[in-house]
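None of the figures in this text is laboratory data; all of them are computed from the coordinates on show. This one's a predicted model, so the numbers in the text were calculated from it and none came from an experiment. Note: ideal-geometry Cβ built from the backbone for every residue, glycine included; neighbour counts use all protein chains shown.
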Amino acid sequence: MKTKILLDNKSIDRLITDLSAELEKAGVLKDDLLRFRLSLEEMLLDYQYILGKDGEVLVRTSIKSNKLEIRLALLGKEYNPLKESESLVLIKTVHGWESAPSYQYEDGTVGKNILSFSFRVRGSLKENLTFTWKYTQPSKRYLFIAVLLQLISVVFLIIGPILSARIIVELTDVAVYQVILTALVLFAVNLLSAVLMAGCNWAYNVVYNKTLTLLEADISENVLRIENKEIEDNGTGLFIQRLTVDTSNLATAFNTLADNISQICQYVGILAAMLIVSPLVFVVVVILLSTQIALELRRQKVSRDNGRVYRNHAERYTGIVGEMVRGGKDIKLLNAEGQFESELKDRIVSANDSRMKWDAGNRRYRLVISGIREGGALAFIAILAGLLSAGQLSVATALVLFNYYSKLGTPATALLGTILDFVTQFNLSCERLRDITDDSLFPKERFGSIHKTNLNGEIEFKKVSFSYNIGKLKTSTRWVLQNLSFRINPGETVALVGRSGSGKTTIMNLISRLYDPFSGMITIDGINIRDFDRESLRGCMSVVTQSPYIFQMSIRDNLRIVNQDMTEEEMKNAAALACIDGEIESKPEKYDTVVGEGGISLSGGQRQRLAIARALLRDCKILLLDEATSALDNVTQDNIRKSLDRIKGKCTVIIIAHRLSTIVGADRILYLQDGQILAEGTHDELLKSCAQYRELYEKEDKQ
Ligand code: ADP
């Protein structure tokens with residue numbers, strides 16, 4: 001859909017109705033639809049207030065894989081979110097919708113006011129299978145073997161009832177020799193069928209394991225590439241649940257499908273045999289099965305919606321469990337077990353309630369289906385008895401038909417239920433994994449194509465503005481940095497100083513591209529950092545944060561992750577520069593000591609020093625130290641400062657340090673206040689020129 005409307009009440013109303021209809025047709029959930037209607041209406045009325053009734057909206061909807069995207073471009077008088085009052089709600093500003101007219105703001109920047117909504121719509125089974133096939137394809141040989149073996153075993157399964165009926169007839173005729181012969185054939189058929197099934201299970205196992213390995217590796221890789229902001233907003237539980245449960249559901253897809261298809265072949269064979277033996281019995285069986293199939297289809301639809309609600313609750317539950325395990329120590333020390341337990345209970349209750357609702361829906365339908373099935377079995381026997389007494393069927397044929405029905409009646413509907421349940425689960429898991437591999441719901445970090453390995457380390461901020469909450473529904477934008485400009489020369493050591501919350505860490509986050517600026521540009525050696533490829537950008541800088549993550553592996557391996565080729569000497573040198581060599585050497589296993597998860601068996605100060613050693617091992621042109629020595633005593637901190645003095649001039653260093661004594665020797669100090677540079681200069685210059693800096697320094701001096 002592509003349309004342009006005026007921002008008057010009537011047009012807004014019609015647009016919302018039209019878009020809702022389109023979303024409903026695409027299968028968007030009722031709750032999402034309602035939320036969309038309400039927020040869009042509020043948004044458009046907000047814009048009507050700003051742009052006036054003559055303002056226009058350009059609307060475009062598109063479906064890409066399993067996402068339906070609605071984009072609205074607001075056209076009217078100039079509106080720059082950087083300058084408007086903060087009360088205005090801005091959903092999302094996307095640059096890149098080429099056909100939407102852009103605005104030239106007074107300061108020369110160009111932008112478009114674009115609202116963008118993205119909905120997950122149901123992917124078709126075919127799309128989902130194609131997605132899964134990517135991971136199963138490398139083991140297609142084994143899949144082929146499994147399906148072939150299973151199809152061969154179908155033939156035996158059709159022969160079985162005929163042989164059984166023959167044995168009964170021969171027994172009634174007391175034909176001992178024939179009975180033994182037929183029994184031997186039946187034994188051989190069953191044995192062969194068992195061997196085929198064992199081979200088939202082995203082949204499926206291979207397919208399952210290979211598929212799961214590829215799938216888990218790809219999803220993990222994708223999760224690592226997701227923008228930091230998305231992980232923070234959504235919590236880790238969501239990703240853990242998808243990586244563990246959904247990948248395994250998907251890996252079973254082709255096994256289950258192939259398994260079920262061969263069973264279907266068997267039932268088709270049985271139905272064909274029935275049609276030949278007795279058309280009347282065939283018609284009765286088809287009617288009975290169709291009723292059950294219709295009910296199963298209905299059950300599946302209800303089950304799919306309830307299943308999706310349950311999975312969302314399960315993700316919230318996994319999220320809090322993850323936090324409780326990771327933050328267990330802090331929870332105990334904060335004496336906050338009570339609050340966590342009650343939150344946990346709430347989430348368990350909602351997950352269980354939705355699970356029960358899901359189960360209850362299935363149970364109700366299954367009860368009705370079993371009633372019809374049992375009634376059907378009764379009717380079938382009555383018909384057989386009628387035909388026998390009327391002389392229209394021989395005893396042997398009646399026995400074969402009865403055998404067939406017992407293989408078909410109950411198992412066929414049960415099989416159908418299994419297939420439909422499986423398809424529901426499969427589609428749900430697929431949608432959730434495609435959310436991760438697709439870009440629209442969890443955008444991935446994007447890098448440019450410029451590859452440079454010998455950068456000098458000149459950093460420049462050009463009119464950079466940034467907010468953490470742009471793009472969130474119903475929150476007013478709070479700018480952390482506004483039009484910030486500064487330049488750092490190659491080899492210069494610059495300290496960022498300012499009150500807590502003034503934007504220091506944000507500057508580091510932007511340089512390392514954990515976030516991107518809303519407007520303006522950051523360059524390294526004159527090149528926009530967005531244009532560098534991942535390796536050039538992240539490879540040219542080492543970042544040490546206040547609470548660095550130390551992995552659950554040996555100290556040596558923790559250091560090796562940044563430099564695979566490090567020599568023993570380089571490793572020990574880096575540890576010595578970071579003043580942690582003595583403590584490592586005093587441990588019984590020295591560098592092979594395995595540290596607990598997150599470096600739990602190390603002190604805060606040891607973690608920081610190990611991270612500094614890790615950063616120094618990388619030998620980068622840019623070193624970003626964000627409160628990297630905050631947990632150290634003054635003497636150790638001074639020793640590290642001396643170590644850093646040794647690399648002074650060789651690389652660009654940006655330091656954030658709470659203790660000003662650690663940065664007095666910096667070439668330049670930038671004093672930040674509310675995301676703006678209030679003053680800059682050396683320590684001595686700032687003591688004279690900046691009252692706020694002097695106050696911070698004097699207060700620290702008195703402590
Ligand atoms: P500083 O390092 O100077 O203490 P920060 O750059 O960490 O300041 O934070 C600047 C502002 O941005 C603060 O108001 C803080 O609350 C906010 N902020 C920081 N990180 C996030 C985040 N991940 N999400 C939302 N707001 C954030």
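With a ≥ b ≥ c taken as the square roots of the eigenvalues of the C-alpha gyration tensor of the chain, please select rounded if a/c is under 1.5 and otherwise prolate if a/b is larger than b/c or oblate if it is not? In terms of gyration-tensor shape, prolate. Taking a ≥ b ≥ c as the square roots of the Cα gyration tensor eigenvalues, segment 146-279 comes out prolate, since a/c reaches at least 1.5 and a/b is larger than b/c. Counting neighbouring Cβ atoms within 10 Å and putting the fewest first, the residues Tyr317, Tyr177 line up as Tyr177, Tyr317. Calculated FRET efficiency, Thr244 to Asn563, Cβ-Cβ distance, R0 = 45 Å: about 0.90 to the nearest 0.05. Using Cβ point charges alone (K and R +1, D and E -1), the dipole size of the chain about the Cα centre works out to roughly 1540 debye.
Here Lys407 is the anchor, and the aspartates and glutamates within straight C-alpha reach of less than 15 Å, apart from those fewer than 8 places off in the same chain, are Glu374. Subtracting the Cα-Cα distance of Ala26 and Val286 from their residue separation scaled by 0.36 nm leaves 90.3 nm. With the simple model of a label 7 Å out from the Cα in the direction of the Cβ, Arg534 to Asn234 spans 1.7 nm. Since only Ser429, Ser389, Leu297 are under comparison, the one whose Cα sits farthest along the positive direction of the charge dipole of segment 125-437, derived from C-beta charges on Lys, Arg, Asp and Glu, is Ser389.
Protection proxy ranking, highest mean first, for peptides 291-298, 156-163: 156-163, 291-298, where packing is the per-residue count of other beta-carbon atoms within 10 Å, averaged.
Computed extension gain for Met521 through Gln178, at 0.36 nm per residue and net of the alpha carbon distance, reaches 114.4 nm. Across the options Ile372, His683, Val562, the greatest Cα extent toward the positive end of the charge dipole of the chain (unit charges at beta carbon of Lys, Arg, Asp, Glu) belongs to Ile372. The phi torsions of segment 659-670, fed into the Karplus equation with coefficients 6.51, -1.76 and 1.60 and a -60° offset, translate into couplings of 7, 5, 4, 7, 10, 4, x, 4, 4, 8, 10, 9 Hz, rounded to whole numbers, with Gly and Pro shown as x. Coupling constants for segment 527-539 follow from the phi torsions by the Karplus curve (6.51 cos²θ - 1.76 cosθ + 1.60, θ = phi - 60°), and in residue order they are 9, 4, 5, 5, 8, 6, 6, 3, 4, 5, 6, 6, x Hz; glycine and proline get x.
Measuring against 18 Å, Cα to Cα, the residue pairs Lys25/Lys64; Lys329/Lys504; Lys4/Lys53; Lys452/Lys648; Lys134/Lys301; Lys621/Lys650 contain Lys329/Lys504; Lys452/Lys648; Lys134/Lys301 as the ones spanning a longer distance. Using a ≥ b ≥ c from the Cα gyration tensor of segment 125-437 (square roots of the eigenvalues), is it rounded, prolate or oblate, where a/c under 1.5 gives rounded and otherwise the larger of a/b and b/c decides, a/b for prolate? Cα axes put segment 125-437 in the prolate bin. Using the Cβ-Cβ distance between Ile16 and Gln676 with R0 set to 35 Å, the FRET efficiency from 1/(1 + (r/R0)^6) comes to roughly 0.30.
In summary, the helical segments of the chain meeting the span-like criteria, namely a full DSSP H run, a Cα extent along the axis of 15 angstrom or more and a mean Kyte-Doolittle hydropathy of at least 1.6, are 140-172.
Spatial offset of segment 1-43 relative to segment 311-368 amounts to 33 Å, using the alpha carbon center of each. With the simple model of a label 7 Å out from the Cα in the direction of the Cβ, Ile152 to Arg659 spans 7.6 nm. Annotation: for a label point projected 7 angstrom from Cα along Cα→Cβ of Ala396, residues of segment 159-180 with backbone N closer than 13 Å are 162-175, 178-179.
Per-residue Cβ neighbour counts within 10 Å put Ser39, Ser406 in the sequence Ser406, Ser39, beginning with the fewest.
Phi-derived couplings, Karplus 6.51 cos²θ - 1.76 cosθ + 1.60 at θ = phi - 60°, listed residue by residue for segment 447-453: 10, x, 10, 6, 10, 9, 10 Hz, with x used for Gly and Pro. Rounded to the nearest 500, what is the chain's calculated 222 nm mean residue ellipticity when only DSSP H runs of at least 4 contribute -39500 (n - 2.57) each, over all residues? Result for the chain: -20000 deg cm²/dmol, rounded to the nearest 500. Let's test the formula: R0 of 60 Å, r as the Cβ-Cβ distance of Ala194 and Lys587. What FRET efficiency results, to the nearest 0.05? Rounded to the nearest 0.05, the efficiency is 0.55.
The residue among Ala165, Val309, Gln606 whose Cα reaches farthest toward the positive pole of the charge dipole of the chain, with charges on the beta-carbon of Lys, Arg, Asp and Glu, is Ala165.
As a proxy for reagent exposure, Leu384, Leu191, Leu271 were ordered by neighbouring Cβ count within 10 angstrom, fewest first; the result is Leu191, Leu271, Leu384. If the segment from Val185 to Asn9 were pulled out straight at 0.36 nm per residue, it would be longer than the present Cα-Cα gap by 55.3 nm.
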